Each structure stands twice: as C-alpha cells, then as structure tokens.
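Participant: The structure under discussion is supplied below as structure tokens; questions concerning it will follow.
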Amino acid sequence: MGSRRAATGRRRTRPALIGGVAALVVGGAGVGAWAVYGGGAAAEETARSTAAAAREKVKSGPLTAAEVTTTAQRFLTAWQRGDIAGAAAATDDAEAATALLTGYAKDARVTDVTLTAGTPAGAKVPFSVKGTVRYRGEAGGEEVGKPLAYDSALTVVRRAGDGEPAVGWRASVVHPELKDGDRLVTGEAGTPPVKALDRDGGEITAAKYPSLGTVLDGLREKYGKKAGGAAGIELRVVRGKESKAAKASDKTLLELREGTPGTVRTTLDPALQSAAEQQVARKPRASVALLRASTGEILAVANSGHGFNTAFQGSLAPGSTMKVITSSLLIEKGLASVDEQHPCPKYFSYGGWKFQNDDEFEIKNGTFRASFARSCNTAFISQAPELEDDDLTRQAKEVFGLSMNNWSVGVPTFDGSVPVQSAAPMAASLIGQGGVRMNPLNMASVSATVRTGNFHQPYLVAPSVDGRELATASRTMSASTLGQLRRLMSYTAAYGTAAEAMAGVSGEVGAKTGSAEVDGQEKPNGWFTAYRGDLAAAGVVQQGGHGGETAGPLVAALLKAGG
C-alpha cells in the first residue's frame, strides 16, 4: 500500500543540468509501485521509439559527450521514477535490467530512491544513490527501516543491432558489490553474524584490518549457524551461480536489526596481521600470506585491494616460484642435482615454442644451483623432453597437496591448479606459466612444505572447532631431494635473485623469486616465496615487475616481524 501511495503522489521533475553535470533529483519517488504496476504511457513511448530506431540507419563511431550524458540521464531518471520499463529500455539488455531493477524494489525493498549523476569520464558516468530500506515481517510486525547510500557507475555503449547509445548492462550498475547473477535481498538473514577473534582473543573487524572483510564474510557463511548466534534483519547480496563457482560469500550491506553473533576463534596473530596490512599498503595490487610452517596455521593475510581476497582466492600464474616444485621433480628423477653441471642456454625450443631467459642471459658450464639462484628458464625447459605430460601435476598433488580442490581452510580458497598439459604448454608449466595458477596462500604452503619436509594444509580455523578433516599429501620427498631443495632456496636467499630482499633476515632461511608474464600487461606480476625458521610466507604484486624488487621486501618484512 505504501508503494501505491508513493506512485500516485510522485512529483515529476526534469533532471537539472548544473555546470554541465546531470543532477538527477526527482522528489519522493517510490520505486516499488512501478515495479508492480508497470510503466503505462512510458512503455508505449518506448515501443514507438524502438520502432522508429529500427527504420534509421545503424549508428557507429565514437560516442559523443551529448550521447553519453543524455543516455545516462534517461536511464537514471526512469529508474528513480520507478519506470522500470523505461530504465530497462535505455540499456543493452532490457531483460536482465528489468529483473534486477524489479528485485531492487520488491526483494531489496529500497524506496524513495534519489540518483545523482556525477561528471562523465569518457563513456563512464559515476552516480550516487540514496534511498531507504524498509522491512516488515509477519503480519502486525514492527516495520524497521534505515537510510541507504552508496556510489556506483554506468558505462554507455553502442547497442548491438542499431548502434544507439545505451547503458552497458552489468549487475554492478545497480550496486558495485553485485556480480552478474547476484541479487539484493532484505529480510531475516538465514545465517547469524559471527564475532571473529584472533589467536589472542581480540576481536577482528574490517575497520581494524581492512583486508579481512571478505574473510569475515566467509567465516560467517561457514560458522554462523554453528557458533550459537541469532540472525538479524539485513540488506545483503545473495550470490548467484557464477559467484558461487568463484567461491564468493554472501555479503551484508546494511543491518536493519542487529543479530546476536556467535564466536569463532581464528589462528590470526594480531601483531603480524597489522604488519601485513602495513606492508601491502605500500604497493598497489599487493597480496601476502604468512603461515606457521610446522602446523599450517595462517598467521596473517592481507591485500592492498580490499574487494577481493587475492591472497586466498587469486588464480594467477606464479612464474618462477613454481621452480621450487619443478626442482623437486627434476631432482627426484635424476635430471638435476645441486652441484652438477646443468644447461642454461639463451634459448631452448620445445613443442613449437622458443623459450628464452630474462634479458637473454646464459650460464656456461654452470651448476643447477647457479641456474636456480639466477632463475634460468631454459635450465628447466630443457628437461621437458625427459618428462611425461602428467609428471608436474602428480608432483604438485602428491608432495605439495596442491591442485586437488580439497583444502578446508575455514573460508573459501583456491587451492592451486597444475593441469596436465602437453608439448609447449607443458614446458611452460615448468616455469610457472602455461596453465599453472596459484595464489600467495598456495605458494606460502610450498615454502612451508620445503621447510618442514611435510605438507600441512593451511587453516584459519582449527579443525577441532567443527571436526572437519584437513587435506593431506600422499607422499613426502626423499631426504636427499629435500636436502637439495633446501640448499637451493638457501643459496638463492643469500646469493641469488632473492638476496637483496632477504638481506637482514637471519636464521634458517630460503627463498625463490618469480616474474609471471601476463598478456596485455606492461609489467609482469612479481612473486616471492620464502621461509625463516617456523614461518613461511609468499606474496605477489600484480603488474609490479620483478618479484625480488616488489613482493620480496613485503615478504621479508613479515618474516622479520615474526622473529
């Protein structure tokens, strides 16, 4: 009934242009009424406009500033008025837009929407959203409501078929937290909130540790119903198939009535978590993870971009840090030995691809130790003819516990991928390119396995909390292989590509650098993995350049902080 009154009492106001910026403010419009009762005359006008456009010549060429501004105004004004049909018609996917904008009123229960456009940047138009979220439960229940405010953006494109300017439809237009297939829902939350604690009993909040927002979402999804809390009333993002496949958790956007949280203790160390947050803040697109090598306890995790947990869920080519796993394979098969001579030519061709070293260097009459320390690509590629297609995959799974998608950390993670490949892609996998994908948690675990000699699955919540089983590896390296691998990493930390970053890191140490080329990037992703005593860590700086110069100092600083 409230929506009907809002519809009949709405006031029509034209968008105002102030200094060339569209300030779209239409007073008191309730979106819900239009979602339920349709657009009326607006729908007829849309049909006439569509028919006329079909008769015109298809437009092409760059968008003009006027086309961008006018299209954005048309979409935002219609959405604000509650004219779902009109707003959807201004996009390049009317069906998807209609569904999500209708749900914005019906399911998310957002009313009194005010949209204000900002200054366009090319075809992109930022805008602010203000509204009120209202919810009434059972018949006669008390209505609760809270104001809602956030910023979003849209991009104007030429629509396929007629070339007319239209809003390029993405779910993120409605709210930046939405991925395609996600929904906004207001109601009694199915999962109670949790109060997450660090290993010392202190409360973990996103305000205190900005990197942990997604971790807290994951903890609530996993433990909310088990931790003894009671659900509240919330506006939240409910993930669709695509997001669930990427292991994204539902996310609370606004609490209308607080629930009673249960308590979950984690393995995070407050001092090390603070240090990790400080380190990633030094570099854009940086991510790190720190473990206790002997147990797998996760002591810290941080990302300089707080919207996605790359450290746990990233899927990136690890570059030459993968050579730790490849070296263990080559040593086991008798294809390499620390002090024996090993080829490191400028180039090596395999499977139709020509591989080379950074700056086309070569090492004449050098040992495998020298090739590992300097990160010689061809030293590894040259052994591809001696390997079976599945050798590297089996090594990663059987010894390092990777690429099986069975880690049970306590929150969603990507557990590494080393697919079976052949010919040139198989050779590329040996140096962490091809189809190999990892994240800092995976590579910190690799260093931990070298340090202790056994794979210990990383975990954020102790398995004793919920009785879950941790992943295991089916075998360990021989003492000889393990000893040689430690010598390789120790030498690299002291004299190789990791030496500058590891200077001043005392004790039993080992390290490996990596740089992973990515199509379309001017600079490679910089990787670094290392251990010190009972600590193991890894990091990546996307588009940062060489790992020793970018991720290396971040990882080394964490190892020092944990000393």
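Participant: Which entries of K208/K251; K179/K523; K512/K560; K179/K283; K146/K251; K226/K247 show an alpha-carbon separation above 23 angstrom in the structure shown?
Facilitator: Over 23 Å Cα-Cα: K179/K523; K179/K283.
Participant: While we're on this one: T70 versus S128, label points 7 Å from Cα toward the beta carbon: distance in nm?
Facilitator: Label at T70, label at S128, 2.8 nm between them.
Participant: Which trypsin sites (Lys or Arg not before Pro) in the range 349-444 pass both tests, a DSSP loop state and at most 14 other beta-carbon atoms within 10 Å?
Facilitator: Here the trypsin sites (Lys or Arg not before Pro) that fit, given the DSSP loop and packing criteria, are K364.
Participant: Give me a comma-separated list of calculated 3J(HN,Hα) values for the range 177-186, in order, Karplus coefficients 6.51, -1.76, 1.60 applied at θ = phi - 60°, integers in Hz, x for any Gly or Pro.
Facilitator: Going residue by residue, I get 7, 8, 9, 4, x, 6, 9, 9, 9, 10 Hz, with x marking Gly and Pro.
Participant: With a Förster radius of 41 Å, plug the Cβ-Cβ distance of T295 and E255 into 1/(1 + (r/R0)^6) and report the FRET value to the nearest 0.05.
Facilitator: So, using R0 = 41 Å, E works out to roughly 0.70.
Participant: Under 1.5 on a/c is rounded, so check that first for the range 116-265, then, if it is not, pick prolate when a/b is larger than b/c and oblate when it is not; a ≥ b ≥ c are the square roots of the alpha carbon gyration tensor eigenvalues.
Facilitator: Prolate, since a/c reaches 1.5 and a/b exceeds b/c.
Participant: Express in nm, to one decimal, how much length is gained between S422 and S349 on full extension, taking 0.36 nm for each residue of separation and deducting their alpha carbon distance.
Facilitator: Full extension of this stretch gives 24.9 nm more.
Participant: Can you grab the distance from the C-alpha centre of the range 148-210 to the C-alpha centre of the range 305-328, Å, no decimals?
Facilitator: Cα centroid of the range 148-210 versus Cα centroid of the range 305-328: 26 Å apart.
Participant: Shape verdict for the range 382-495, please, from the Cα gyration tensor: rounded (a/c under 1.5), prolate (a/b greater than b/c) or oblate.
Facilitator: Because a/c hits 1.5 or more and a/b fails to exceed b/c, the range 382-495 counts as oblate.
Participant: The range 267-347: which chymotrypsin sites (Phe, Trp or Tyr not before Pro) are DSSP loop and have at most 15 other beta-carbon atoms within 10 angstrom?
Facilitator: Answer by residue number: F308.
Participant: If the chain between A246 and D151 were fully stretched, how many nm would it gain, using 0.36 nm times the residue separation less the Cα-Cα distance?
Facilitator: 31.7 nm
Participant: If you don't mind, there's one more thing I want to ask. Measure off 7 Å from each Cα along the Cα-to-Cβ vector at R487 and R282, then give the distance between these two points in nanometres to one decimal.
Facilitator: About 3.3 nm separates the two model spin labels.
Participant: When only DSSP loop residues count, what GluC sites (Glu not before Pro) in the range 131-204 have their Cβ near at most 11 other Cβ atoms within 10 Å?
Facilitator: For GluC sites (Glu not before Pro) across the range 131-204 that sit outside H, G, I, E and B with at most 11 neighbouring Cβ atoms in 10 Å, the list reads E138, E142, E143.
Participant: Let me ask something else. In the set [x] 24.6, 79; [y] 27.6, 86; [z] 21.9, 68, which value of Rg and Dmax of the Cα atoms in Å was calculated from the structure you see?
Facilitator: [y]
Participant: Suppose each label sits 7 Å from its Cα in the direction of the beta carbon; what would the T476-S506 distance come out to in nanometres?
Facilitator: 2.9
Participant: So what J values fall out for the range 550-555 if you push phi through Karplus, 6.51 cos²θ - 1.76 cosθ + 1.60 with θ = phi - 60°, rounded to Hz, Gly and Pro as x?
Facilitator: Running phi through 6.51 cos²θ - 1.76 cosθ + 1.60 with θ = phi - 60° gives 10, 6, x, x, 5, 5 Hz.
Participant: Would you compute the Debye intensity of the range 194-262 from its alpha-carbon atoms alone, equal scatterers and no solvent, and pass along log10 I(q)/I(0) at q = 0.20, 0.21, 0.28 Å⁻¹ to two decimals?
Facilitator: Cα-only, vacuum Debye calculation for the range 194-262: -0.92, -1.01, -1.41.
A short reminder: the numbers here are calculations on the coordinates, not readings from a lab. Note that the coordinates shown come from a computational prediction; the quantities given were computed from them, not determined experimentally. Positions of Cβ are generated from backbone atoms using ideal geometry, with glycine treated the same way; all protein chains shown enter the neighbour counts.
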